[in-house]
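Visitor: A single structure is presented below for examination.
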Amino acid sequence: MSQSEGKLAALILAAGASRRMGSPKALLRWEKEAVLDTLIGKLRACCDPVVVVLGHHAGEIRAGMSRAAQALITLNPGPERGQLSSLQCGLAAMPAACGVMFTPVDYPAMREETIRLLAETFLSKAHPRPVVAPRCGGRSGHPVVLPSWLWEEFARETGTARDVLRRHRGATVYCDVTDPGVLGDMDTHEDYRKLLEAAGLA
C-alpha cells in the first residue's frame, strides 16, 4: 500500500438539479442542519479532506451551508452531463492521490459506525487497496471507497460510475451492515419523509 493510500478523503456529489424534489436536496433539514452539512460532519470523522461538488443551485446551496469552511468546494461546470461528470470533477479536485469515500448527497441517514467500518476495511492490510462498499439486506449502497488506481479509469469513462464499478466486482470488498441508511436514496418528498420516519426524525 502506497503512502497516499494510507489515508482517506471523502467526496460528496451535490450538483444535481433536484427536479423531482422541487428544491435543492442538499438543503433539506436533517436534525438541526442541512443534509449536506450532516454528511460533511459524519465523513470528517474518518476522512480528510471532504470535497463537495456543486453544480445546479450552487450559490443557493453554498449560502445555506453551515459547514462550508469544513470542506473543499468545487464546481461542476456541466452538471447536466450527469453524476459521473461530478465524480470526475471531484476526483480532479483532490489535493493528492488517496482512497476516496464517495456518496451522492441523498444518503444523510448513513451511520457513523458504517463509515468507520468502511474506512477500517479499506485501510486494512488484509485488503490492500480494494474497492469497498456497504451491503444491507443483500443490496449494495453508499458510500463507496475508491482506490486511486481507479481514478484514471473514471476519468476516461463515458458511461456511468456503475459501469466502472461493475467491471471491478472482483476487486470489491462488501461490508455487510444493518444500516438501511446506506440504501436511502432521496429523490422525492415521499422518499425524504420515509427516511425521516425511519430515522425517528419525523
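Visitor: Among the residues of the stretch 141-153 satisfying the criterion of being in contact with a strand residue (DSSP E or B) (Cβ under 9 Å, 6 or more places away or on another chain) and modelled with pLDDT under 95, which is nearest to Ser86 (Cα to Cα)?
Guide: Trp151
Visitor: Among what's in the stretch 154-192 and is of a type in the set (D, E, K, R) and farther than 30 Å from Arg19 by Cα, pick the residue that is modelled with the highest pLDDT.
Guide: Of everything passing the filter in the stretch 154-192, Asp176 is modelled with the highest pLDDT.
Visitor: For the stretch 174-195, which positions are within 17 Å of the chain's Cα centre (by Cα), free of Cβ contacts under 8 Å to residues at least 60 places away in the same chain and more than 21 Å from Gln83 (Cβ to Cβ)?
Guide: Within the stretch 174-195, Tyr174 is the sole residue that qualifies.
Visitor: Continuing with this model, one more query. Working only within the stretch 110-136, note down all residues that are within 15 Å of the chain's Cα centre (by Cα), surrounded by fewer than 22 Cβ atoms within 10 Å (Cβ to Cβ) and in a loop (DSSP other than H, G, I, E, B).
Guide: Correct list: Arg111 only.
Visitor: So, Asp185, is that one in a loop (DSSP other than H, G, I, E, B) and closer than 17 Å to Asp106 by Cα or not?
Guide: When the stated conditions are applied, Asp185 passes them.
Visitor: List the number of the failed condition for Val144; all other conditions in (1) buried (at least 16 other Cβ atoms within 10 Å of the Cβ); (2) out of contact with any helix residue (DSSP H, G or I) (no Cβ under 8 Å at 6 or more places or on another chain) hold.
Guide: (2)
Visitor: Could you say which residue among Pro79, Pro95, Pro49 is surrounded by 22 or more Cβ atoms within 10 Å (Cβ to Cβ) and either without any contact (Cβ under 8 Å) to a residue 24 or more places away in the chain or not aliphatic (A, V, I, L, M) (or both)?
Guide: So the residue among Pro79, Pro95, Pro49 that is surrounded by 22 or more Cβ atoms within 10 Å (Cβ to Cβ) and either without any contact (Cβ under 8 Å) to a residue 24 or more places away in the chain or not aliphatic (A, V, I, L, M) (or both) is Pro79.
The values are calculated or read from the model by the stated rules, or taken from the named source; none is laboratory data. Computed from a prediction, not measured in an experiment: that's the story for all the values here. Methodologically, a virtual Cβ is constructed for each residue, glycine included, from the backbone with ideal geometry; neighbour enumeration extends over all protein chains shown.
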